[in-house]
Structure formats: C-alpha cells, structure tokens
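Notes follow once the structure below has been shown.
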Amino acid sequence: MTLSRASSDSARQATEEGNGKLPRHVGIIMDGNGRWAAQYGMPRPVGHERGVEALRRTVKAAQKTGLEYLTVYSFSTENWRRPFSEVSALFALLKTFMNQDLKRLKSEGVRISVFGTREGLPEDVDALLDRALEETRDNTRFNLGIAFNYGGREEITRAVRGLAEDARAGRIEPEAIDEAMISSRLDTSGFPDPDLIIRTGEERRLSNFLVWQSAYTELVFMDVLWPEFGEHSLNEALETFASRDRRFGGLKSGAA
Ligand code: IPE
Ligand code: IPE
Ligand code: MG
C-alpha cells in the first residue's frame, strides 16, 4: 500500500501545529439566542442582541488567552429559511456590531476575515464586510473570522467549480489537485484548520460549519446558551480541549 503523501503531510502539519495544549484556531457555533430569549419571555431579537454582547466578551477573552485565530458562525446559508423579520434582525445586528466595534478591533490589531458567499446579501451588508476586511488587512495580532452567509458545502462547491474551470482552461492538470490545493481554494485558506470547535445551546451537530476543515477537529458541545457565554465558558472548553488526546489516526501518545 502506498501512503498518500498529501494526507500524511497534512496530518503531520496538524500534529505539529495544533497538538499543543492551547489551540491555535477555535471555531464557535454561537447557538441558543432564541431559546435564551424565550426562557425570559422576550422576543428573539433580544436574544440576538445579547448574543452580540457575548461575542464581544468572547473575542476579548480569546485575545487575552493567547489564541491566534477565532472563527464565529454568525449566519448560515440555511438561515435564509427563517422568516424575513428574523433575517433582517440578524443583518441589522451585524451592521451594529461592525459600526460599533470595527474601530476598536482595528486599534487592537485584530485582522477580520469573512467566510461565505456574498450572493443574496443586501448591498449595505456587502459593503460593510468589505470595509471590515480593508480596514484591518494590515493587522497581525489576532485573527477574527466571521462566517457570514456561510455553508461548508457551498464553500467546497465554489472551490471545486473554480478548480474545474482552471482545468478546463488548461491552467492546472487534474492530477495536480490534492488536499492542499483544495484547502487553498477555500475561504479559510489563510487560517489553519480549527483545533477546536465549540457549539453552545445543547444541539450536537455542525450545521454545515467548516465541514472540510474539521476533519480532525476536537468538538466540544456545551449546554450554555450563547448569550450566557463568556470568558468562563471559553476557559472551560479550553480545559476540555487540553485533556483530549489527539491522535490523527496514529496511536495514543506513549503507546508505541
Ligand atoms: C443562534 O441562535 C444565532 C443564529 C443562528 C444566527 P438561534 O437563533 O439559532 O437560537 P435558537 O437555536 O433558536 O435558540
Ligand atoms: C447554526 O445554528 C448556525 C449559526 C449559529 C449561525 P442553527 O440554529 O441555524 O442550526 P440548526 O438549525 O439548529 O442546525
Ligand atoms: Mg439555533
């Protein structure tokens, strides 16, 4: 049997870079805003507003802890299935967050990246996302990925379409397509694969978040609803991560 070079290389890279006790890249599925609001007899948008406060706390805690990359799932390609009023409220909140926080994030050395498709987004949202990218592009202290209008399958489909177009035009040979090339065509290409994905709000699923990138990611599901998340919950998830034995298909450390 010949060992696939591409997969052994990417596993080694992940082992070297992400097997420390502190993850380099954490992804968060920020779920449970609606249930939090319902618990207190409040309308759903209030839950989303509190969710933005939790996001602020979490970005601050992530910077303080020494993470390098944080990706937050803010709006999925499937969230369009919600009523128009809910979708509008979520777009309005992104605008509020950017308008209120962009200047501070910029001054703190945060570089913002946006993952997802711009298709279907209102012009003002599209422009605001571009502004966030442009204004923070020279920052290097901390990387914040915002998955907005994001779906892992949509991202992979776009990447595959690009590769097929390049092959048809003779720019690449189909044989040259390997895992690294596919990764480099994804929206997240500047980020390492996530070492840890946290999902709040009781569900145990990825809901189309970082589908390709999470092949060897540690998953931590927490019952806390997103508006209640903060430094304490983040540290709890990081402790769980530190206790995991990442094997990447190899043997338990010390077993050989
Ligand atoms: C997460 O909270 C926010 C987004 C999906 C954008 P939800 O709105 O999904 O809250 P629940 O799951 O209904 O409680
Ligand atoms: C996942 O939450 C999407 C975001 C957090 C943006 P959902 O609430 O949309 O996921 P499902 O519908 O429970 O799978
Ligand atoms: Mg939900």
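Just so you know, all these numbers are worked out from the coordinates, no wet-lab data involved. Note that the coordinates shown come from a computational prediction; the quantities given were computed from them, not determined experimentally. Counting neighbours? That spans all protein chains shown, and the Cβs are built from the backbone with ideal geometry, glycine included.
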Does any residue of segment 220-237 turn out to be closer than 22 Å to Gly116 by Cβ and in contact (Cβ under 8 Å) with a residue 60 or more places away in the chain? yes
When segment 171-196 is checked residue by residue, the ones that are β-branched (Val, Ile, Thr) and either in contact with a helix residue (DSSP H, G or I) (Cβ under 7 Å, 6 or more places away or on another chain) or within 16 Å of ligand 3 (Cβ to nearest atom) (or both) are Ile172, Ile177, Ile182
Qualifying position, being farther than 24 Å from Ser214 by Cβ and surrounded by 11 or more Cβ atoms within 10 Å (Cβ to Cβ), among Thr71, Thr117, Thr96, Thr77: Thr96
When restricted to Arg205, Arg199, the only residue within 15 Å of the chain's Cα centre (by Cα), within 16 Å of ligand 3 (Cβ to nearest atom) and closer than 20 Å to Leu67 by Cβ is Arg199
Among Val220, Val224, Val211, which is the only one that is within 16 Å of ligand 3 (Cβ to nearest atom), within 30 Å of Trp36 (Cα to Cα) and surrounded by fewer than 21 Cβ atoms within 10 Å (Cβ to Cβ)? Val224
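For every residue, the table says whether it meets (1) closer than 30 Å to Asp195 by Cβ; (2) in contact (Cβ under 8 Å) with a residue 12 or more places away in the chain; (3) touching a Lys or Arg at 6+ places or on another chain (Cβ under 9 Å).
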residue	(1), (2), (3)
Leu70	yes, yes, no
Arg81	no, no, no
Phe97	yes, yes, yes
Leu102	yes, yes, yes
Glu108	yes, yes, yes
Arg118	yes, yes, no
